[in-house]
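Below is one structure, written out as structure tokens; comments come after it.
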2 protein chains.
Amino acid sequence: MTKGANRRATINDVARAAQVSRQTVSNVVNRPDRVAPDTRARVEAEIERLAYRPSSAAKSLREQRAGAVGLELNTLGHGRRGDIIYSFTVELSIGARGHDCHIVTFGSDSDRPSITGYEAMVRARLVDAFVLADTHHDDPRPAWLDKAGIPYATFGRVWDAPDFTGWADVDGAAGTSAAVDHLVAEGYSRVGFLGWPEGSATGDDRRRGWREACERHGIYRESLQASTIQELHPAEEAAAPLIEAVGTGGAIVCVSDVIALAVQQVLLQSGRRPGIDLGITGFDGSPLAEMNDISSVEQPLDQIADELLSQISDRLAGQPLPEQGTLLTPTFVPRASSRRGVEHA
Amino acid sequence: MTKGANRRATINDVARAAQVSRQTVSNVVNRPDRVAPDTRARVEAEIERLAYRPSSAAKSLREQRAGAVGLELNTLGHGRRGDIIYSFTVELSIGARGHDCHIVTFGSDSDRPSITGYEAMVRARLVDAFVLADTHHDDPRPAWLDKAGIPYATFGRVWDAPDFTGWADVDGAAGTSAAVDHLVAEGYSRVGFLGWPEGSATGDDRRRGWREACERHGIYRESLQASTIQELHPAEEAAAPLIEAVGTGGAIVCVSDVIALAVQQVLLQSGRRPGIDLGITGFDGSPLAEMNDISSVEQPLDQIADELLSQISDRLAGQPLPEQGTLLTPTFVPRASSRRGVEHA
DNA sequence: CTGTTAGCGCTTTCAT
DNA sequence: ATGAAAGCGCTAACAG
């Protein structure tokens, strides 16, 4: 194995082959309208024949921009966020091509939020902007990026900066509302909610959707709700009394798939059947839900990724922040856990 | 917001500040031994003060290499491989820094294996090499990369090319063997195995580890095994008879966490308790197992990532393929599903 | 509409 | 041990 592949074609090779100057080739690629049709056709044919693609390094150097977006990955948030992060990373990677950029991932092994990874990426000019996938309370990153003048867009609102509008998120209330509609249509009588403690924008939105839909259907009962943190065992403990409260023939809308799994586990352990004895719905559309046959509210991760990349493009082009953040509508996906007649496999 | 941050320092800025030519700065960074100690100290101080880092674009252009490794991500394999891919991606991203490179992810939305994404990355000279995380039967990628002369390293052996040695993998037999040792020590009497159909190197290794350990303990019974594909429902059907075959007080070693979850689900649905009535162990160390309190064989993903990046460095430096692939030893992590006395939470 | 010139930041000769 | 020169591939600005 020598070094790399058989030398790939450069802009000069194309220019020579097409009998034009290399600037003309550049124009054909970047400003096609400025080139005469027949010349353009000839050049395009040579580009095709030689499989020419501009060198990203040369382009970056010349344009003083990396053409890349950074994404921090860490092991911590994994199970917590219901495995959504991976799918989001995939969608971002797919979407990047359409935005004429690519995704560079980096990771920190420290378990505390830190900006060192971001600094390293910026210093090496490896990326022009960042996508933040999980901002949290006291997150130092937004302020640091603002100060450094580096564009970013966030999946979900920024906790400490309610006025920041560079985000895209799922319409949580629409999701839980759709879940309630489905449960009512299926004939479940009482519909409870197992959520996170009040105070998170995401969790509160999802609770609100449940409440409003229940009110709309005239079945809202304030007592049919409980809170727990995003972990299986605490959720199981919170689930038990709520299951009894809604009773057989009732249903529980859960704020996340992890919590829905907890409800289902408790139910199974007491010999009752999901769907038939108790309706359960989750939220996130994670593989966890699919694997356990739990109905879930699926997030449009492809749209979120695309929106965030668009926002980054705009900011890189010098445009100001949008008027407001973008809320995207999720899709309710029914599975066995919320079908009364269907045996849970 | 103007364009990017306040212009970052270049090698010229450092040279001027340190009163040397810019080549000297370059030498300080790349060939420290060629510079007089006092000059070096002065330059290093300025580098620190100005937070100078070489521009990766300029370096790439000059050195004719991207300094990046490509990793294809797709949504397909997600649940299937027990969510390991995400953790692997994280470890690769973390490890990259130590190998003086970074990871560029790309995705294809097509559901068939294809090389178009790889071609695009290579053409744009965005990466020098690739990590392949999941080669499968009839995978077109290794042959294409070989032909194009692009280095790659694979997580797991290459199905169609048993002689290819540029891989790193987990020692599956050592993992299941450790699981059996643990189960025997815990006092489970009969130990069965629920695996994948014969024919995959990975699955067969894990089965072999179970068999050899059972033989070592004098408890091998050929009938206590069954096969299923890597999906929850088929696995549940295969699990039921095997659970009866090993009986109460027995245990089942599973070829993966997904399959272990299936066994646990069937057990719970029949009112029995994991660990107490039946021991269960999985394989992969996925969040799925952790979340469901299932004992698992954890893969040393950080070591695998590091090994693969080392191999890629070597090949980029012109060194030949290693004599043989690298097998890394996994760690058995006991949880409630394989403790006889402990109540499953 | 096309060609020429210059230079992005860096490293590798080669000469001092 | 240090400095000067050249050039990686590309595109913005200008001249023709």
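Computed per residue of chain B from DSSP H runs no shorter than four, each worth -39500 (n - 2.57), the mean residue ellipticity at 222 nm is -13500 deg cm²/dmol.
Summarising the strand pairing of chain B, around 10 percent of its internal DSSP beta bridges are antiparallel. With label points defined 7 Å past Cα in the direction of Cβ, position residue A:217 shows copy-to-copy spacings of 4.9 nm, given to one decimal and shortest first. Quick one: longest stretch of chain B between exposed loop GluC sites (Glu not before Pro), exposed meaning at most 11 other C-beta atoms within 10 Å and loop per DSSP? Here the longest segment lacking exposed loop sites spans B:1-197. If you build a Gaussian network model of chain A, linking Cα atoms that sit under 10 Å apart, which residue out of A:24, A:281, A:228 swings the most? With Cα springs under 10 Å in chain A, the top fluctuation among A:24, A:281, A:228 is at A:24.
Each DSSP beta bridge with both residues in the protein assembly as shown is either parallel or antiparallel, and the antiparallel ones are about 15%. Label point of residue B:140 (7 Å along Cα→beta-carbon): distances to the other copies' equivalent points are 4.8 nm, sorted ascending.
The spacing between region A:186-257 and region A:112-143, judged by their C-alpha centroids, is 35 Å. Dipole of chain B computed with +1 at Lys/Arg Cβ and -1 at Asp/Glu Cβ about the Cα centre; of B:265, B:214, B:170, farthest Cα towards the positive end is B:170.
The residues packed around residue B:15, meaning those with a beta-carbon under 9 Å from its beta-carbon, carry a net charge of 0 if Lys and Arg are +1 and Asp and Glu are -1.
The rotation axis taking chain A to chain B passes closest to this chain A residue's Cβ, listed with the gap in Å: A:86, 2. At full extension, residue A:34 and residue A:48 could sit 3.1 nm farther apart than now, given 0.36 nm per residue minus the alpha carbon distance. Inter-copy label distances at residue A:181, shortest first and taken from points set 7 Å along Cα to Cβ: 5.7 nm. Lysine pairs in the protein assembly as shown whose alpha-carbon atoms fall under 24 angstrom of each other, counting only those eight or more residues apart or on distinct chains, come to 7.
FYI, it's all coordinate maths here, none of it is from the lab. A quick note: this is a predicted structure, and the numbers were derived from the prediction, not measured. Counting neighbours? That spans all protein chains shown, and the Cβs are built from the backbone with ideal geometry, glycine included.
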